[in-house]
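Enquirer: Okay, handing you the structure first.
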Amino acid sequence: MTMQNFTPKREKGFTLIELVMVIVILGILAAFALPRFADLSGDAELASIEGARGSVQSAMGIVRSTALARSETGPTGSITLEGQPIALVNGYLAASSLETAAQLGDFEIGTGGAFVATEGTEGKPCFNFTESTGENVPSAVSAIGELNAAADACTVTP
């Protein structure tokens, strides 16, 4: 018999120690990264309500310019935008048409269009809408505040 070269057979795969080390390293990385991404829902809600606020401001401008072009500047009136009737007060956007004009179907609208919020839950971001109170007194939009669900109002602190 001839002597053959004896080479140890090499197994393929990872050892238990290698696997444990990878899991430990991933755990450490997750412990540092998780707090940075854990509370992004508040930022998303704030961005959403800021977008809605911008939409309302744009709708106010479009409604006012259309009302002026059609000479609809009396105490009451209406115009049609994209096939939808939009109520006017003194030639400005009325609170009753706020949702339609600004396309706010996904938002909570307060009684009479008093406020717009991401949802009707205490502490959610919101803003107030005030319709025109007289000739040459435009409708107004407040800064972002927090919803006071018990009072059915948006509280804006300066």
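The values are calculated or read from the model by the stated rules, or taken from the named source; none is laboratory data. Everything numeric in this text was worked out from a predicted model, so none of it was measured. Reconstructed Cβ throughout: ideal geometry from the backbone, glycine too, with neighbour counts over all protein chains shown. Heads up: the accessible areas ignore ligands, DNA and RNA and are worked out on the full protein's heavy atoms, side chains in. Shrake-Rupley method; radii C 1.70, N 1.55, O 1.52, S 1.80 Å.
Enquirer: Restricting attention to region 88-108, which residues are in a strand (DSSP E or B) and at pLDDT 90 or above?
Expert: Residues satisfying the conditions are L88, V89, Y92, L93.
Enquirer: Starting from region 56-85, take each residue that is assigned to a helix (DSSP H, G or I) and list its partners that are open to solvent by 70 Å² or more (accessible area, probe 1.4 Å), counting only C-beta distances under 6 angstrom and pairs at least six apart or across chains.
Expert: Going by the 6 Å Cβ cut-off, there are no qualifying pairs.
Enquirer: I'd like the full set of residues that are open to solvent by 50 Å² or more (accessible area, probe 1.4 Å) and either closer than 16 Å to G51 by Cβ or of a type in the set (G, A, S) (or both), limited to region 103-137.
Expert: Matches in region 103-137: Q103, G105, D106, E108, G112, E119.
Enquirer: Given (1) closer than 12 Å to V56 by Cα; (2) open to solvent by less than 30 Å² (accessible area, probe 1.4 Å), identify the lone condition not met by A140.
Expert: Only one criterion is unmet by A140, namely (2).
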